[in-house]
1. Restricting attention to the range 30-48, report how many residues are more than 22 Å from residue 120 (Cα to Cα) and loosely packed, with under 14 Cβ neighbours inside 10 Å.
2. Condition check: at pLDDT 90 or above and outside any strand (DSSP E or B). Does residue 136 satisfy that?
3. Please enumerate the residues belonging to the range 100-117 that are free of Cβ contacts under 8 Å to residues at least 24 places away in the same chain and under 15 Å from the mean Cα position of the chain (by Cα).
4. Residue under question is residue 11, and the condition is that it be farther than 20 Å from residue 109 by Cα, surrounded by 14 or more Cβ atoms within 10 Å (Cβ to Cβ) and under 16 Å from the mean Cα position of the chain (by Cα); does it hold?
5. Look through the range 49-61, keep the residues that are surrounded by 12 or more Cβ atoms within 10 Å (Cβ to Cβ) and under 17 Å from residue 137 (Cβ atoms), and return whichever of them is modelled with the lowest pLDDT.
6. Collect the residues in the range 108-135 that are within 15 Å of residue 2 (Cβ to Cβ) and surrounded by 15 or more Cβ atoms within 10 Å (Cβ to Cβ), keeping them in residue-number order.
7. What number of residues within the range 20-41 are in contact with a strand residue (DSSP E or B) (Cβ under 7 Å, 6 or more places away or on another chain) and free of Cβ contacts under 8 Å to residues at least 60 places away in the same chain?
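The values are calculated or read from the model by the stated rules, or taken from the named source; none is laboratory data. This structure is a prediction, so every number in the text was calculated from the model and none was measured. Cβ coordinates were reconstructed from backbone atoms using ideal geometry, including for glycine residues, and neighbour counts include every protein chain displayed.
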């Protein structure tokens, strides 16, 4: 049921330095931006047509904990079937919702507490349209 890894999310203490490293040094391409309260909050960097790195500005909690990878995201072809399969195995999952990027998603945690996000893209997903996301969380 899992198709591929969709993205890895990283917290950044300095978005400009992260952008310079990932785009300038590594040659990745800025795909779309996230805005929160009218300010740049993060961005999506394209690795290839279907794989991305998501970078968000680190808040005090992330900076204090030295957390570098926030979660991993797996693209699925049937989000309902994936969620149902996890529930049947006794995995606690959060409700499915439409994300601000117009992509269906739900979350759970692995046994070590790492957040795992599941995505099913729509035709309106920012990953395809490159439209900015207005963060609502």
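1. 3
2. no
3. 108, 109 - these are the residues of the range 100-117 that are free of Cβ contacts under 8 Å to residues at least 24 places away in the same chain and under 15 Å from the mean Cα position of the chain (by Cα).
4. Taking the combined requirement at face value, the residue does not satisfy it.
5. 58
6. Correct list: 108, 116, 117, 118, 119, 120, 121.
7. Number satisfying all stated conditions: 6.
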